[in-house]
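Report on one structure; see the data block that follows.
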Amino acid sequence: MPKSNLAQDHKQDLKLTAGASITESYRFFTTHITHFFRLIYGPLFFWVLLKLITQILIHERGIQIKSIYFQHIITAGFAIAWYRQFLLGERYTSYYQLLKMGFNGNKFSWQRFKQTLFRIIAISLALLIPTLLLSISMLLYYFGQGIPLSEGLINELAIKSTFVIMLIFSPILVRLSLYTAAFALGRSSMSFKEVWQRTRGYTVTLWWVAIRGFLPLSLYSYVVTYLLNMLAHRIAIPYVFSTILIETLAGFLTFMMLAIVVGANAEAFRILIGVRESDGSRLPRESRLT
């Protein structure tokens, strides 16, 4: 049988379900726990260091910095690495390899960099503009009601607006999230349009995959870190030691949650789009998808 027909028959036998994707993600995580630790050593160190520097600046200098943006860079790096671990295997997964040769084994290209930057800006603006419009509308409403506009109220409205916009756009975002897997595999030719077409009819499934992967561990992480913070305040642990302890645990749980979500998302990518031989798939030759 021709290879293309074999791949097509194999793909038709697969069906994406939320339960199966989450189960496969947990199975992969537990059977590749050594690779998980291998990939979080660096990111976890920088996570804790960043939090420690933030706390030192607050306590010693009275300076507050928005560390969340740097955290996003750290978690994004781990997410891309775990995508490659899940879809390609250990041979194609190391931070050194990604920095040296890029995602598809080619050296750095300004053209690819500009394309990636343009897509990031486009996504950011698509979310930022509605958020700003909603925030301004809410500010005008409060102002019309005679409520004084304080910095705290403005921050609260910004958080609420962001949550509402993310909730509204979530059906779109969960479908386009598979583009991250394509990006991790180095598929520079794959567009948002192609990902959108391949995920048609799976919006609810992909949304449920994200919720089931994210919610349990995020709630557990929140409860554990909250209790540790209370304990640190009660027994008056120096902030340096409490920060290291709490952020090490919080960072570990964050990367664990991210690994589960990324694994489920990668499994959805494998079923709906497929892993090609040119990606260096970890799948046996006879079962690789085109």
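Summary of computed values
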read-out	value
Among the candidates ALA181, ALA232, residue that is assigned to a helix (DSSP H, G or I) and touching a residue at least 60 places away in the same chain (Cβ under 8 Å)	ALA181
Within region 1-120, helices (runs of 4 or more DSSP H) holding 1 or more residues that are within 25 Å of ARG198 (Cβ to Cβ) and at pLDDT 90 or above	18-31, 68-87
Unique match (being in contact (Cβ under 8 Å) with a residue 40 or more places away in the chain and under 25 Å from LEU57 (Cα atoms)) among VAL195, VAL240	VAL240
Residue check, ILE260 touching a Gly at 6+ places or on another chain (Cβ under 6 Å), modelled with pLDDT of 80 or more, part of a helix (DSSP H, G or I) and of a type outside the set (D, E, K, R)	yes
Looking only at region 193-225, and only at residues there that are among the aliphatic types (A, V, I, L, M) and surrounded by fewer than 13 Cβ atoms within 10 Å (Cβ to Cβ), the one that is farthest from PHE252 (Cα to Cα)	VAL204
One residue from SER124, SER170, SER135 being closer than 24 Å to THR203 by Cα and at pLDDT 70 or above	SER170
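The values are calculated or read from the model by the stated rules, or taken from the named source; none is laboratory data. Not measured: the values here are computed from a predicted model. Heads up, the Cβs are rebuilt from the backbone with ideal geometry, glycines too, and the neighbour counts pull from every protein chain shown.
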